[in-house]
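One structure is given here, and the rest of the page talks about it.
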């Protein structure tokens, strides 16, 4: 029986994730992971036939890390949806390379915006949004899409530039967008109909 491998797939993924966190996705390759693990490239190539497979697993690990981060909102936060939005922006501030890897690497190429915001992610927040704000499911999806656009835009600007993170400002901004959209969707304060 062959000896048990000392370098596991989990160790490789963890090393790859750390490389992307520190240096960005362009630095993720077999040689760089092997150097991080202080081994030859052979154990890495044993587990991964291509860099694409490695990047796919590191992407999944980064996505899990991002989800854990944003779904652990501050205990003092009032509105859970706004708290998640604030954590999304904070993640972009604290993990710039990972944010770019997750959301600016072309992963969502050829995906429509509606498909992006309605697939997989928002469903856990739609029902509470319906109940808490008195919205229909379609209205809740529209409110989520508007808030997501604002949140992602702010997060992208922070991740791509040297913009200072100002939690108070972003809290006010997201609150205004959130309640403004809800008001429009419920027909309050506007004679214009939404598209």
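The values are calculated or read from the model by the stated rules, or taken from the named source; none is laboratory data. In this text, all values refer to a predicted model and were calculated from it rather than measured experimentally. Quick reminder, even Gly has a Cβ in these numbers, built from the backbone with ideal geometry, and neighbours come from all protein chains shown.
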Quiz item: Looking at this structure, is residue 59 free of Cβ contacts under 8 Å to residues at least 60 places away in the same chain and buried (at least 18 other Cβ atoms within 10 Å of the Cβ)?
Solution: yes
Exercise. Please note which helices (runs of 4 or more DSSP H) are completely contained in region 20-93 and include at least 2 residues that are out of contact with any strand residue (DSSP E or B) (no Cβ under 8 Å at 6 or more places or on another chain) and within 26 Å of residue 153 (Cβ to Cβ).
Key: 51-70
Quiz prompt | Per-region count, region 1-13, residues under 26 Å from residue 96 (Cα atoms) and surrounded by fewer than 16 Cβ atoms within 10 Å (Cβ to Cβ) | solution = 2
Quiz item: So, in region 68-83, of the ones that are under 24 Å from residue 18 (Cα atoms) and surrounded by 12 or more Cβ atoms within 10 Å (Cβ to Cβ), which residue ends up modelled with the highest pLDDT?
Solution: 69
Exercise. Scan region 131-146 for residues that are over 23 Å from the mean Cα position of the chain (by Cα) and within 15 Å of residue 82 (Cα to Cα) and jot them down.
Key: 132, 133
Exercise. Take the residues in region 149-162 that are closer than 19 Å to residue 176 by Cβ and in contact with a helix residue (DSSP H, G or I) (Cβ under 9 Å, 6 or more places away or on another chain), then tell me which one is surrounded by the most Cβ atoms within 10 Å (Cβ to Cβ).
Key: 151
